[in-house]
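For reference, the structure is listed below as C-alpha cells.
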Amino acid sequence: ELKVEQNPLFLSMQEGKNYTIYCNYSTTSDRLYWYRQDPGKSLESLFVLLSNGAVKQEGRLMASLDTKARLSTLHITAAVHDLSATYFCAVDIWNTGNQFYFGTGTSLTVIP
Amino acid sequence: GAVVSQHPSWVICKSGTSVKIECRSLDFQATTMFWYRQFPKQSLMLMATSNEGSKATYEQGVEKDKFLINHASLTLSTLTVTSAHPEDSSFYICSARIGTSGSDTQYFGPGTRLTVL
C-alpha cells in the first residue's frame with residue numbers, strides 16, 4: 001500500500017523563523033508536487049519536482065526532491081503571516097494512470 | 001494558464017436526493033479528469049479517474065453506483081452523488097490533466113462543498 005506521509009502535521013511558528021516540512025513516500029516515483037490550500041479553497045500549485053536532486057525556489061519557499069531516499073522537503077525561510085495555510089505534497093505514480101496520492105498535509109500557522 | 005471550473009461551488013440538499021457536480025476545463029482539452037473528496041482537516045482522497053469516452057476507474061472502497069461519473073467530452077466531467085446522505089457531506093475537488101506525459105501536472109478546480117441535511 002502506497003503511503004505518503006508528511007511531518008509535522010501541525011506547525012506553529014513565529015514570523016522570521018525558518019522551518020522544514022518533510023514528505024516521505026513509500027514507492028518509487030520521480031515526480032512530486034507541492035500544493036498550498038487556504039481554508040475553504042482548492043489547491044494552489046507551488047512546485048513541480050520531476051527528477052532526483054531537483055530544487056526549486058519561489059520567494060520564501062524552497063522545495064527539493066531526493067528520489068533515492070523517497071523524500072521531499074519544503075523549506076520555509078523567514079516566515080511571514082501570509083504563509084499560513086495547509087501544505088500538501090503529492091506523489092505521481094506513472095504506472096497507475098498518473099494518479100496523485102496526497103500526503104497527510106501540514107497545517108502551518110505563522111504567528112506575528 | 002490552464003483553468004478548471006466547478007459548478008456549483010456550494011450546494012445543500014436533503015437526504016435521499018441526487019446532486020450533480022460539473023467539472024470543466026475552460027481553455028484546454030483534458031484527456032483525463034480526476035475526482036477527489038476531502039473531509040474537514042484531512043487530506044484529499046482520490047475517488048476515481050475518468051477518461052473521455054470510457055468508464056471511470058474507481059478507487060477501492062468507492063461505490064460506483066453511488067458516485068456516478070460521466071466524462072462526456074474532453075472538457076466536461078460530471079460527478080453525480082445519488083441518494084445522498086449526511087455522511088456524503090464533503091468538499092469535492094476535480095482535477096484535469098492535459099496529456100499523457102509523465103511531466104503533465106494536474107490542474108485543480110475550485111471545489112464544490114456538499115452539505116446533505
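The values are calculated or read from the model by the stated rules, or taken from the named source; none is laboratory data. From a predicted model like this one, the values you see are computed outputs, not experimental measurements. Please note: Cβ atoms are built from the backbone with ideal geometry, for glycine as well, and neighbour counts cover all protein chains shown.
Could you check how many residues of region A:67-78 are modelled with pLDDT of 95 or more and over 13 Å from the mean Cα position of the chain (by Cα)?
The qualifying residues number 2.
Which number in (1) away from chain A (no Cβ under 13 Å); (2) closer than 30 Å to A:Leu9 by Cβ; (3) touching a His at 6+ places or on another chain (Cβ under 9 Å) marks the one condition that B:Cys23 misses?
(1)
Looking only at region A:46-58, how many residues end up being surrounded by 12 or more Cβ atoms within 10 Å (Cβ to Cβ) and either in contact with a strand residue (DSSP E or B) (Cβ under 6 Å, 6 or more places away or on another chain) or of a type in the set (D, E, K, R) (or both)?
Number of matching residues: 7.
Mind listing whichever residues of region B:41-58 are at pLDDT 90 or above and over 12 Å from the mean Cα position of the chain (by Cα)?
B:Gln42, B:Ser43, B:Thr57
Scan region B:88-106 residue by residue and report those that are more than 12 Å from B:Ala30 (Cβ to Cβ) and at pLDDT 95 or above.
If the condition is that a residue be more than 12 Å from B:Ala30 (Cβ to Cβ) and at pLDDT 95 or above, then B:Asp88, B:Ser89, B:Ser90, B:Phe91, B:Tyr92, B:Ile93 are the ones that fit.
Could you look through region A:53-68, keep only residues that are free of Cβ contacts under 8 Å to residues at least 12 places away in the same chain and of a type in the set (Gly, Ala, Ser), and pick out the one that is nearest to A:Tyr33 (Cα to Cα)?
Step one: of region A:53-68, the residues free of Cβ contacts under 8 Å to residues at least 12 places away in the same chain are A:54-57, A:59.
Filter once more, so that each one left must be of a type in the set (Gly, Ala, Ser): A:54, A:59.
On the way: A:Ala54: 11, A:Gly59: 17 Å.
Result: A:Ala54.
Any residue in region B:31-44 that is farther than 14 Å from A:Leu43 by Cα sitting within a Cβ distance under 6 Å of a residue that is among the polar types (S, T, N, Q) and buried (at least 22 other Cβ atoms within 10 Å of the Cβ)? List the pairs, counting only those 6 or more apart or interchain.
Going by the 6 Å Cβ cut-off, the qualifying pairs are B:Met33/B:Ser50; B:Met33/B:Ser77.
Got a sec? Which of A:Val91, A:Val80, A:Val48, A:Val110 is touching a residue at least 12 places away in the same chain (Cβ under 8 Å) and within 11 Å of chain B (Cβ to nearest Cβ)? Step through it out loud before you land on a result.
On the way: A:Val91 fails: within 11 Å of chain B (Cβ to nearest Cβ); A:Val80 fails: within 11 Å of chain B (Cβ to nearest Cβ); A:Val110 fails: within 11 Å of chain B (Cβ to nearest Cβ).
Only one candidate qualifies: A:Val48.
In this structure, is B:Leu76 surrounded by fewer than 21 Cβ atoms within 10 Å (Cβ to Cβ), closer than 19 Å to B:Pro8 by Cβ and touching a Ser or Thr at 6+ places or on another chain (Cβ under 7 Å)? Walk me through it before giving the result.
On the way: surrounded by fewer than 21 Cβ atoms within 10 Å (Cβ to Cβ): yes; closer than 19 Å to B:Pro8 by Cβ: yes; touching a Ser or Thr at 6+ places or on another chain (Cβ under 7 Å): no.
It is false that B:Leu76 is surrounded by fewer than 21 Cβ atoms within 10 Å (Cβ to Cβ), closer than 19 Å to B:Pro8 by Cβ and touching a Ser or Thr at 6+ places or on another chain (Cβ under 7 Å).
Does region B:59-80 hold any residues that are more than 22 Å from B:Gln29 (Cβ to Cβ) and free of Cβ contacts under 8 Å to residues at least 24 places away in the same chain, and which are they? Quick ask: steps written out before the conclusion?
Step one: of region B:59-80, the residues more than 22 Å from B:Gln29 (Cβ to Cβ) are B:59-68, B:80.
Of everything in region B:59-80, those that are more than 22 Å from B:Gln29 (Cβ to Cβ) and free of Cβ contacts under 8 Å to residues at least 24 places away in the same chain turn out to be B:Glu59, B:Gln60, B:Gly61, B:Val62, B:Glu63, B:Lys64, B:Asp65, B:Lys66, B:Leu68.
Only one of (1) touching a residue at least 24 places away in the same chain (Cβ under 8 Å); (2) surrounded by 16 or more Cβ atoms within 10 Å (Cβ to Cβ); (3) under 22 Å from B:Thr82 (Cβ atoms); (4) within 11 Å of another protein chain (Cβ to nearest Cβ) fails for B:Ser9. Which number is that?
Only one criterion in (1) touching a residue at least 24 places away in the same chain (Cβ under 8 Å); (2) surrounded by 16 or more Cβ atoms within 10 Å (Cβ to Cβ); (3) under 22 Å from B:Thr82 (Cβ atoms); (4) within 11 Å of another protein chain (Cβ to nearest Cβ) is unmet by B:Ser9, namely (2).
Residues that are at the interface with chain A (Cβ under 10 Å from one of its Cβ atoms), at least 2 per element: which strands (runs of 3 or more DSSP E) completely within region B:28-117 meet that?
Details: elements: B:32-38, B:44-51, B:67-73, B:76-81, B:90-97, B:106-108, B:112-116.
Filter on region B:28-117 gives B:32-38, B:44-51, B:90-97, B:106-108, B:112-116.
Do the conditions hold for A:Asp30, that is, is it facing chain B (nearest Cβ under 10 Å), touching an Asp or Glu at 6+ places or on another chain (Cβ under 9 Å) and not in a strand (DSSP E or B)?
Working: facing chain B (nearest Cβ under 10 Å): yes; touching an Asp or Glu at 6+ places or on another chain (Cβ under 9 Å): yes; not in a strand (DSSP E or B): yes.
Yes, satisfied.
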